[in-house]
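The values are calculated or read from the model by the stated rules, or taken from the named source; none is laboratory data. This one's a predicted model, so the numbers in the text were calculated from it and none came from an experiment. In this analysis, Cβ positions are derived from the backbone assuming ideal geometry, glycine residues included, and neighbour counts consider all displayed protein chains. All accessible areas refer to the heavy atoms of the entire protein, side chains included, with ligands and DNA or RNA removed. Shrake-Rupley method; radii C 1.70, N 1.55, O 1.52, S 1.80 Å.
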Amino acid sequence: MSAAGRPQRRLTDADLKAIRGVQTLYLHRMLHLGLLDPVANDSPMSEDEGAWVREHAWPAFLHHIDDSYAFGFWRWAMCERGTCWNCHAGRCDLCLHRQKGRPDACDNTDAVHNHQGRRVADLILRPGGERCVWWCRCPCPKTGEAPARRPARARKPRTGRPQPERPRPTGPRRSDEPGHRGQPTLPGL
């Protein structure tokens, strides 16, 4: 099965910097979301208009999760999600969809929330019943024999004087973006 004709986006240096700021997400809760390189479907709203809506119309509870991701969370449909974390790290033998043996599919519903963030109703997004599907867009095979694991890079021997040991940060890490409102990463990760 292919990625349904969806392109795999080439990440820029700015994209990689944004991903590095949230790379601990996969360690404790978000491996399945694959929001590393989203590719948007056609939209009647421009990115600037979408940014205005997120800033001025979204309630705080939507920002709690959305701001914790490099490219946001709520603004992406399942089929717009990108490459899984394992493939991004060069571990195609552990591709999330290879492990599951199938793509991820939505349940064809979304939630309607009140001003406090409580779910008050279900909204059927596609009345025809068609489901939205995420299939990791890495070109690695998702079925059959696993691709070979990429060999570890050899470390260069250190030369010169020894480097002093740096203390580990103890506080929660936050994005260096101004106005970051998302949840902080879990301490100790």
Filtered residues of the stretch 108-118 (kept if of a type in the set (S, T, N, Q) and open to solvent by less than 100 Å² (accessible area, probe 1.4 Å)): Asn108, Thr109, Asn114
Complete set of residues in the stretch 71-101 that are hydrophobic (A, V, I, L, M, F, W, C), within 12 Å of the chain's Cα centre (by Cα) and closer than 21 Å to Asp42 by Cα: Phe71, Phe73, Trp74, Trp76, Ala77, Met78
Residues satisfying the stated conditions in the stretch 56-91, i.e. open to solvent by 40 Å² or more (accessible area, probe 1.4 Å), among the aliphatic types (A, V, I, L, M) and closer than 14 Å to Cys136 by Cβ: Ala89
Conditions (1) out of contact with any Leu (no Cβ under 8 Å at 6 or more places or on another chain); (2) modelled with pLDDT of 85 or more; (3) in a loop (DSSP other than H, G, I, E, B); (4) closer than 22 Å to Leu35 by Cβ: number failed by Pro141: (4)
The stretch 41-85, residues that are farther than 24 Å from Arg118 by Cβ, modelled with pLDDT of 85 or more, part of a helix (DSSP H, G or I) and out of contact with any strand residue (DSSP E or B) (no Cβ under 9 Å at 6 or more places or on another chain): Glu47, Asp48, Glu49, Gly50, Ala51, Trp52
Residue match in the stretch 119-136 (condition: outside any loop (DSSP other than H, G, I, E, B), open to solvent by less than 60 Å² (accessible area, probe 1.4 Å) and either free of Cβ contacts under 8 Å to residues at least 12 places away in the same chain or closer than 21 Å to Asp42 by Cβ (or both)): yes
Some residue of the stretch 19-37 being among the hydroxyl-bearing types (Ser, Thr, Tyr), open to solvent by 60 Å² or more (accessible area, probe 1.4 Å), modelled with pLDDT under 80 and within 28 Å of Cys140 (Cα to Cα): yes
